[in-house]
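The values are calculated or read from the model by the stated rules, or taken from the named source; none is laboratory data. Keep in mind that what you see is a predicted model, and the values were worked out from it rather than measured. Ideal geometry is used to build each Cβ from the backbone, glycine not excepted, and the neighbour counts take in all protein chains shown.
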Amino acid sequence: MDLIESFDSAFETLWHSKMRSLLTMLGVIIGVIAVIVLVALGEGTKKFVTDTIIGFGMGANVLLVNPGKEGQPSSVSALTYGDARALREDVPGVEILTPVLVGSAYVKYGLNDYMTLIIGVSDDYPNIVHRNIGRGRFYTEFEVRSRRRVCVMGTEVAEAVFGNVEPIGERVAIKGQKFTIVGTLEEKGELFGFDLDDLVCIPNTTAESLLGSKQLDQIVILTKGPEVLSTVRSMVYDIMKKRHRDREDFHTQTQDEVLSILDKIISKFTVAVTTIAAISLVVGGIGITNIMLVSVTERTREIGVRKSIGASNEHIFYQFLTEAVLISVFGGGIGLAFSLFACAVLGKVLGFAFVIPNWAIIMGLTFSIVVGVISGVYPAVRASRLNPIDALRHE
């Protein structure tokens with residue numbers, strides 16, 4: 001019996017027991033679906049996070065200066081306006097930058113009030129983080145220098161405070177100070193659970209008195225291009241360390257580092273859940289072994305007849321092994337088809353595309369075939385070693 005005959009015979013046997021064959025495949029089908037879908041979820045999440053961060057404004061030429069030593073963030077900031085001025089004036093690769101002060105307060109208008117995030121930034125903020133204006137305008141450099149009480153609202157705040165009323169030109173109270181609304185930000189959505197539309201931007205100079213602090217929570221730098229980012233970062237470090245008397249009470253961060261941290265977290269999660277999912281393939285393999293052993297018992301007389309008319313142990317071995325492999329191959333193929341469908345449906349439900357890498361498909365199908373081969377060896381060996389006389393006597 002050659003290879004083609006083995007496949008023909010195996011396919012015919014499986015076809016005659018369609019329901020049992022399908023149920024045997026079920027473990028492999030579920031295993032392949034679980035592996036591919038979970039890998040696609042991990043890869044899709046990574047792409048979604050990357051696109052979201054880039055869309056928010058953390059471009060490849062943005063450098064963040066944060067308070068506290070790297071890995072040891074400080075609750076008390078050591079960043080000052082002097083630091084921001086020195087970096088703007090002494091680092092040639094800096095295009096623009098903004099000091100950032102952060103706090104929270106109620107925004108009041110008439111009988112309505114709403115607790116939100118207050119961000120003190122310069123007039124360059126929209127250009128650095130690529131934040132568009134929805135209505136009105138952003139405040140000007142003159143308004144920043146003259147400490148004007150003007151603000152630009154996120155859509156979430158504007159809707160909560162004003163409802164259907166046009167907010168541009170209206171005045172709101174923030175911590176007892178009156179601010180004139182000059183614009184609203186274009187809707188942005190959420191980033192890691194933080195609503196990017198639930199904030200109010202005010203001039204950083206005005207934020208000093210409103211928030212009661214001249215210490216900066218961050219300095220955001222837009223460099224003249226990704227190619228000078230490394231040089232700018234080095235110069236920023238040298239200037240800051242000199243200004244802070246050799247104390248490393250600050251650290252810098254780039255988009256790549258933020259993405260790298262997130263990539264490691266997501267990758268570890270993906271590996272963990274994929275490993276758990278792969279266990280279902282092993283369970284599927286155990287199911288194949290069990291059914292094939294039952295099949296050997298049921299077909300003992302058939303094996304005896306075939307051996308009595310000249311079938312060798314090798315022929316019997318390959319027939320049963322081929323049946324196990326076909327079960328796993330068909331199961332893997334069905335699992336792949338359902339995986340593609342599941343990824344498309346789940347992507348629409350969750351709101352981001354699942355990304356199925358080629359290696360995940362290859363891994364899922366290869367693993368299913370390997371499981372089939374391993375699961376089929378023992379039953380095939382057992383079938384091939386049956387004594388033809390004992391097999392013929394089997395009831």
Next on the checklist: Quick check on segment 141-161. Is at least one of its residues within 30 Å of Val49 (Cα to Cα) and free of Cβ contacts under 8 Å to residues at least 40 places away in the same chain?
Outcome noted: yes
Next on the checklist: Considering only residues that are under 37 Å from the mean Cα position of the chain (by Cα) and at pLDDT 90 or above, which ones fall in segment 175-196?
Outcome noted: Ile181, Val182, Gly183, Thr184, Leu185, Glu186
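Okay, residues lined up against (1) modelled with pLDDT of 85 or more; (2) in the same structural domain as Arg385 (by TED's automatic domain parsing); (3) under 28 Å from Leu365 (Cβ atoms):
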| residue | (1), (2), (3) |
| --- | --- |
| Glu298 | no, yes, no |
| Gly304 | no, yes, no |
| Ile309 | no, yes, no |
| Phe317 | no, yes, yes |
| Ile334 | yes, yes, yes |
| Ser339 | yes, yes, yes |
Item to check | Any hit, segment 237-246, residues being assigned to a helix (DSSP H, G or I), without any contact (Cβ under 8 Å) to a residue 24 or more places away in the chain and surrounded by 15 or more Cβ atoms within 10 Å (Cβ to Cβ) | outcome: yes
